[in-house]
Amino acid sequence: MSPGQPRRCAGACQKVRGTSRSDARRATSRRQACRADGSVGPVTLDLVTPGDAVIETAALTRRFDQITAVDRLDLTVAAGRIFGLLGPNGAGKTTTIKMLTTLLPPSAGSARVAGFDAVREAQQVRRRIGYVSQMLSADGGLTAVENLRLSAALYGVPRRERAARIDAALEFFGLTGQARQLVKTYSGGMIRRLELAQALLHEPAVLFLDEPTMGLDPLARRAVWERLEALNGRGATTILITTHDMEEADVLCDEVALMHRGAEAPGGAGGHARRRVRALRRRLNRRRRHVP
Ligand SMILES: Nc1ncnc2c1ncn2[C@@H]1O[C@H](COP(=O)(O)OP(=O)(O)O)[C@@H](O)[C@H]1O
Ligand SMILES: [Mg+2]
């Protein structure tokens with residue numbers, strides 16, 4: 001989304017349903033926006049109202065020869081949430097994200113993202129999503145501004161809006177001072193923030209992040225979390241994040257699911273990871289209840 005700018009909306013402030021932390025953050029940001037300039041804050045989910053599912057899979061499956069990487073996965077993510085897909089290496093997290101972002105066709109089952117089918121309406125889905133892959137992907141031989149210009153063109157951001165959106169994105173992600181430096185001189189944390197800026201220039205409704213803080217030092221990790229919370233707090237962007245880091249899920253997520261061997265593992269019985277996820281879920285639920 002365009003960092004910084006509340007979007008004008010013709011209607012009155014919408015009543016926000018639900019009880020999650022992000023619902024409360026969204027309600028606050030909307031109230032503030034209404035008081036300040038008569039606009040209703042960032043509302044970009046054109047087909048979706050808060051609480052509706054923006055990601056929905058039914059028996060989503062992907063096989064690679066003998067391996068079933070994702071096995072009949074049923075997943076629902078409500079608008080405005082930060083949803084954590086947890087699981088150890090090989091659990092099927094990246095394969096799930098690749099199917100949801102239309103990069104990989106499912107072997108069976110279905111997925112809807114932002115109101116569209118990820119196979120039959122892949123083009124519509126692509127327009128509404130941003131994706132930051134597990135591997136660092138910004139071009140080190142270009143400056144941040146050049147990388148951002150490239151993304152703006154690739155994602156079809158209208159020409160007349162590009163400069164302003166790029167400036168706002170650099171500002172939001174704390175990169176204005178280094179905007180004209182070659183990215184190969186950046187730290188890992190700066191590259192990640194730049195990649196987030198690139199993935200958000202076209203104001204996607206849903207942002208997919210595949211282990212976004214892997215390999216970052218604690219400070220850089222915190223900086224990424226803080227920006228993601230600020231982004232989600234504006235209410236326009238639903239975030240699905242994969243991680244095998246419980247602390248990341250605890251700090252950042254409203255909801256979590258644990259993947260194990262391609263399927264959602266029940267949080268209930270058995271296993272250390274499952275017990276930890278069950279405890280985490282209880283904490284997240286308590287937090288939601290405590291939101292006024
Ligand atoms: N292109 C591929 N070809 C064959 N096997 C794959 C491919 N991609 C992933 N896999 C296998 O699918 C399983 C899940 O992988 P992945 O989705 O990358 O898990 P995670 O992201 O949770 O670590 C692993 O066993 C992996 O080796
Ligand atoms: Mg992975």
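The values are calculated or read from the model by the stated rules, or taken from the named source; none is laboratory data. Owing to the predicted nature of the structure, the values given are computational and were not obtained by experimental measurement. Cβ atoms come from the backbone with ideal geometry, glycine included; neighbour counts cover every protein chain shown.
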Exclusive hit being under 18 Å from Asp210 (Cα atoms), at pLDDT 95 or above and either within 13 Å of ligand 2 (Cβ to nearest atom) or assigned by TED's automatic domain parsing to the domain that holds Ile241 (or both), set Leu104, Leu86: Leu104
Selection within region 215-248 - out of contact with any Lys or Arg (no Cβ under 9 Å at 6 or more places or on another chain) and within 14 Å of ligand 1 (Cβ to nearest atom): Ile241
Single match in Leu154, Leu150, Leu194, Leu142 (criterion: crowded, with 17+ Cβ neighbours inside 10 Å and not assigned by TED's automatic domain parsing to the domain that holds Leu216): Leu194
Residue check, Met190 outside any loop (DSSP other than H, G, I, E, B), under 23 Å from Ile239 (Cβ atoms) and without any contact (Cβ under 8 Å) to a residue 60 or more places away in the chain: yes
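Okay, residues lined up against (1) under 17 Å from Leu196 (Cα atoms); (2) among the charged types (D, E, K, R); (3) assigned to a loop (DSSP other than H, G, I, E, B):
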position: Gly140; (1), (2), (3): yes, no, yes
position: Glu146; (1), (2), (3): yes, yes, no
position: Ala153; (1), (2), (3): yes, no, no
position: Glu161; (1), (2), (3): no, yes, no
position: Ile166; (1), (2), (3): yes, no, no
position: Leu170; (1), (2), (3): yes, no, no
Any chance Glu171 is within 24 Å of Ile241 (Cβ to Cβ) and more than 19 Å from the chain's Cα centre (by Cα): yes
Single match in Glu211, Glu203 (criterion: under 15 Å from the mean Cα position of the chain (by Cα), within 16 Å of ligand 2 (Cβ to nearest atom) and at positive phi): Glu211
Index of the failed condition, Val132 passing every other in (1) surrounded by fewer than 16 Cβ atoms within 10 Å (Cβ to Cβ); (2) touching a residue at least 24 places away in the same chain (Cβ under 8 Å): (1)
Matching entry among Gln124, Gln198 (being touching a residue at least 24 places away in the same chain (Cβ under 8 Å), of a type in the set (S, T, N, Q) and not in a strand (DSSP E or B)): Gln198
Some residue of region 61-83 being within 14 Å of ligand 1 (Cβ to nearest atom), in a loop (DSSP other than H, G, I, E, B) and touching a residue at least 60 places away in the same chain (Cβ under 8 Å): no
Counted residues, region 207-245 - those being in contact with a strand residue (DSSP E or B) (Cβ under 7 Å, 6 or more places away or on another chain), closer than 19 Å to Leu136 by Cβ and assigned to a helix (DSSP H, G or I): 1
Residues of region 200-228 that turn out to be modelled with pLDDT of 95 or more and aliphatic (A, V, I, L, M), as a count: 3
Which listed residue, of Thr76, Thr95, is among the polar types (S, T, N, Q) and within 16 Å of ligand 2 (Cβ to nearest atom): Thr95
